[in-house]
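For reference, the structure is listed below as structure tokens.
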Amino acid sequence: MTAETVPQFRSRLSACTSSILANPRGCALFLDVDGTLLDLAATPKSVRVPEGLIAILQRLNLAFDGAVAIITGRLISEIDLLLTPLRLAASGVHGAELRTAPDCEIERVSAVLPADVVQSMRKLALDIPGVIAEPKGPGLAIHYRLAPHAESDILNALEESLDKHAGAFELMPGKRLYEIVPSGLSKGTALAALAALPAFRGRMPIMIGDDIGDEPAFVAAEDRNGFALRVAGEHYDEDESDFTGPRAVVNWLDQLARRLASAEESRPQP
């Protein structure tokens, strides 16, 4: 970590905070979940939601007039279970699912993954102890956090399986996982779709994420004169990140919600 690098990222976060406090109704917040709001866990089902997070997101959604969205590689239905009773506008499976408003149905942007790919990945998970196959409708994730030695075997099996569907799907690496996603979709296309909705349109986007899959959304946010805020972890080092980890993100969101509420309370009433 160099003296030149640290202020750059601190100043970016400071500038983002100032922009939000100056005009929250001119901003929109887009949040990844795993590794950003939640600490990573050994398996997708063993993550824990930090105490107070749901209430923080509820307060922010109110302060932003509904311009808060989740952009995740998970299914939206899984996010709903984690954040219940809160429901937000959301994109799931790297842009393959979309919910345009909390009270709307989940739309599937892409067709389901071919059965032969799903079956071959399920077999792979059975053959290699510690490997988890996670079908997601139009996508699929293979987790090997519990079997890091199997990475090359997994990659070879995935590439062989996808060869039969050349061009239809892309293979994306992540933190101790590989994901199969429909070609042409990403968290970047997800942010663009959400940013075009009435609740988000014309607002400055702020995207917070921690992994390779979040990078298209970072580009989409910055292309719209917004902020791309990175979370340190297994992909980004602390010297290139705005947050040291999920706890720092949640703390920042909490402080932001409190300051926005205080500003609203002190505003003169008509």
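The values are calculated or read from the model by the stated rules, or taken from the named source; none is laboratory data. In this text, all values refer to a predicted model and were calculated from it rather than measured experimentally. All Cβ positions, even for glycine, are placed from backbone atoms using ideal geometry, and neighbour counts span all protein chains on display. The protein model used for the area step is the full one, side chains on, heavy atoms only, and it has no ligands, DNA or RNA in it. Shrake-Rupley method; radii C 1.70, N 1.55, O 1.52, S 1.80 Å.
So which residues in the stretch 47-60 are open to solvent by 30 Å² or more (accessible area, probe 1.4 Å) and either within 19 Å of P24 (Cβ to Cβ) or touching a residue at least 12 places away in the same chain (Cβ under 8 Å) (or both), if there are any at all? Listed by number, the residues that qualify are V49, P50, G52, I54, A55, Q58, R59.
Output the residue which, of all residues in the stretch 61-96 that are open to solvent by less than 40 Å² (accessible area, probe 1.4 Å) and among the β-branched types (V, I, T), is nearest to L191 (Cα to Cα). The selected residue is I71. Out of the residues in the stretch 136-154 that are open to solvent by less than 10 Å² (accessible area, probe 1.4 Å), under 23 Å from the mean Cα position of the chain (by Cα) and among the small types (G, A, S), which is nearest to A42 (Cα to Cα)? Checked the stretch 136-154; the qualifying residue nearest to A42 (Cα to Cα) is A141. Counting only strands (runs of 3 or more DSSP E) that fall entirely inside the stretch 177-270 and contain at least 3 residues that are among the aromatic types (F, W, Y), no element qualifies. Residue pairs whose Cβ atoms lie under 9 Å apart, separated by 6 or more positions or on different chains, with the first residue in the stretch 155-172 and open to solvent by 50 Å² or more (accessible area, probe 1.4 Å) and the second modelled with pLDDT of 90 or more and of a type in the set (D, E, K, R), are K164/D116; E170/E179; L171/E159; L171/E179.
Just name the residue that is surrounded by the most Cβ atoms within 10 Å (Cβ to Cβ) out of those in the stretch 104-127 that are modelled with pLDDT of 95 or more and assigned to a loop (DSSP other than H, G, I, E, B). Applying the filter and picking the extreme gives I106.
If you go through the stretch 191-215 and keep only what is within 30 Å of L146 (Cα to Cα) and surrounded by 22 or more Cβ atoms within 10 Å (Cβ to Cβ), you end up with M207, I208, G209, D210, D211, G213, D214. If we scan the stretch 123-132, do we find a residue that is in contact (Cβ under 8 Å) with a residue 40 or more places away in the chain and of a type outside the set (V, I, T)? No, the stretch 123-132 contains no residue that is in contact (Cβ under 8 Å) with a residue 40 or more places away in the chain and of a type outside the set (V, I, T).
Could you tell me whether V181 is closer than 30 Å to H149 by Cα, surrounded by 21 or more Cβ atoms within 10 Å (Cβ to Cβ) and at pLDDT below 95?
Values: closer than 30 Å to H149 by Cα: yes; surrounded by 21 or more Cβ atoms within 10 Å (Cβ to Cβ): yes; at pLDDT below 95: yes.
When the stated conditions are applied, V181 passes them.
C16 meets each of the listed conditions (1) part of a helix (DSSP H, G or I); (2) buried (at least 21 other Cβ atoms within 10 Å of the Cβ); (3) out of contact with any Asp or Glu (no Cβ under 9 Å at 6 or more places or on another chain) apart from (3).
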